[in-house]
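Since the structure comes first, as structure tokens, the remarks are kept for the end.
The values are calculated or read from the model by the stated rules, or taken from the named source; none is laboratory data. Everything numeric here is computed off the predicted structure, so don't read it as measured data. Counting neighbours? That spans all protein chains shown, and the Cβs are built from the backbone with ideal geometry, glycine included. For accessibility, only protein heavy atoms count, side chains too; no ligands or nucleic acids. Shrake-Rupley method; radii C 1.70, N 1.55, O 1.52, S 1.80 Å.
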Amino acid sequence: MMTIDKFNFAGKKAIVRVDFNVPLDENGKITDDTRIRGALPTLKKILADGGALIIMSHMGKPKGKVNAKYSLSQIVDAVSAALGTPVQFAPDCAKAQDAAAALKPGEVLLLENLRFYPEEEGKPVGIEKDDPNYDAAKKEMKARQKDFAKTLASYADCYVMDAFGTAHRKHASTAVIADYFDADHKMLGYLMEKEVQAVDNVLKDIKRPFTAIMGGSKVSTKIGIIENLMDKVDNLILCGGMTFTFAKAQGGKIGKSICEDDKLDLALDIIKKAKEKGVNLVLGTDCIAADDFKNDANTKVCPAGNIPDGWEGLDAGPESRKAFREAIVNAKTILWNGPAGVFEFDNFTGGSKAIAEAIAEATKNGAFSLIGGGDSVACINKFGMADQVSYISTGGGALLEAIEGKVLPGIAAIRGEE
């Protein structure tokens, strides 16, 4: 497989798929530029080699229609500043032939939001799945998606995929476009290489003990990952809102805590499987309960399975935090996805902070720690501890699918796999 370090971009035009889906405030100003900074090593390597750069990305969910709120024109100045060179803008990503053709080495062109065209996602528009004409519409859209990808490919001599956050989608710009370049002219960018390596460290090159921490509100959204990890981990911490589904499944009283009543059997099944596989399953035993869902609610510590009526668990309690720490601090491989409480409220960050501190300590002692999935990343940033872990993944959904063992189309397309 061609790599970005082996390729010489001198005199070449490179089209690079990045993930510049950055958060904007009401004035169109970027509130977090992590994703732009993440792409810089790849973009700067192409320019340093003497190549010309065509950058493409999506923003938001405009659903195949032009919407000024999601225009990438809003970030041109920020990208120019980050790259240290002026960035030109193509107001229509599918009609940028002339602008691309005119690019000289060292010049940069940013295309307008790819998702202004429904062909990018390749889903039929304005027709429901249960409509008898849906299959025909889908087939027609797939043909249009290929044409759209071919147009994007025509702008450049080579293709670089560096948007891990969208690598789990088979979109025109993330996977289909790769069909129009031979194996020597398509490659992963530095960010993608790092993400793939980090996932491999956690799933293939495991140093033991391996502790995975899964948080968040729902068991149902994590079930595929939990099942895949069961055969790999030594310790599995399940925390956050799903604590109460497990507590109720085991006959506990959980007040008005969040709970998936239709997943109680699943919870019991997970407990049983962990026992059978010899996995140390760590569930929250106590919690910080509140009498209202707000930061300044009245609180008390109580067992996770004995919460008074009218109260709800919003964070892991002191005993749970101790148990979490014990399973983390001596680990050599750590994966963290999802907080241990409602960390958006400052008074309910304690559980998540205890996890972050234990991970930082283990990392200092030589563990490889991978943090991924939106909220865990927000947590680690909120605590100012991003520099104390091994790797923070930029892709929530993509990371989770990779950990579930799924093939990511954005990577398969470069590697020439199906």
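Quick notes on this structure:
- Sulfur and carbon atoms: percent of accessible area, segment 132-178 [1.4 Å]: 46
- Nearest-10 value in Å² for the accessible area of Arg37, using the 1.4 Å probe: 130
- Residue order for Leu408, Leu281 - accessible surface, 1.4 angstrom probe, largest first: Leu281, Leu408
- Sequence-distant contacts, meaning Cα pairs under 8 Å at least 6 residues apart, place the relative contact order of segment 155-210 at 41 percent.
- Cut-off under 5 Å, modelled amide H: who pairs with Gly215 long-range: Cys239, Asn337, Gly338
- The convex hull of the Cα atoms of the chain, projected and averaged over all directions, covers 21.7 nm².
- Of all aspartates and glutamates in the structure, the ones whose alpha carbon falls short of 14 Å from that of Lys146, not counting any fewer than 8 places away in one chain, are Glu119, Glu120, Glu121, Asp179.
- Cross-link reach list, lysines versus Lys253, counting only Cα pairs under 28 Å and skipping chain neighbours closer than eight places: Lys218, Lys222, Lys263, Lys272, Lys273, Lys275, Lys294, Lys300, Lys322, Lys353
- From the alpha carbon centroid of segment 317-334 to that of segment 187-233 is 18 Å.
- Per residue value of the accessible surface for the chain (all protein chains in place, 1.4 Å probe), Å²: 43
- Per-residue SASA remark: Asp375, around 80 Å² accessible (1.4 Å probe; ligands, DNA and RNA not included).
- Sequence ranges 312-320, 294-302, 381-389, ranked by mean other-Cβ count within 10 angstrom, highest first: 312-320, 381-389, 294-302
- For the residues Asp205, Asp5, a 1.4 Å probe over the protein chains yields an accessible-area ranking, largest first, of Asp5, Asp205.
- Cα-based shape type of segment 70-114, given that a ≥ b ≥ c are square roots of the gyration tensor eigenvalues and the cut on a/c is 1.5: oblate
- By accessible area with a 1.4 Å probe, ligands and nucleic acids excluded, highest first: order of His168, His58: His168, His58
- Length-normalised contact order for segment 1-112 - Cα pairs under 8 Å, 6+ apart - percent: 30
- Hits among lysines - C-alpha to C-alpha of Lys63 under 17 Å, sequence gap 8 or more where chains match: Lys123, Lys129, Lys138, Lys142, Lys170
- Helical runs (DSSP H, four residues minimum) scored at -39500 (n - 2.57) apiece and divided by the length of the chain put the mean residue ellipticity at 222 nm at -10500 deg cm²/dmol.
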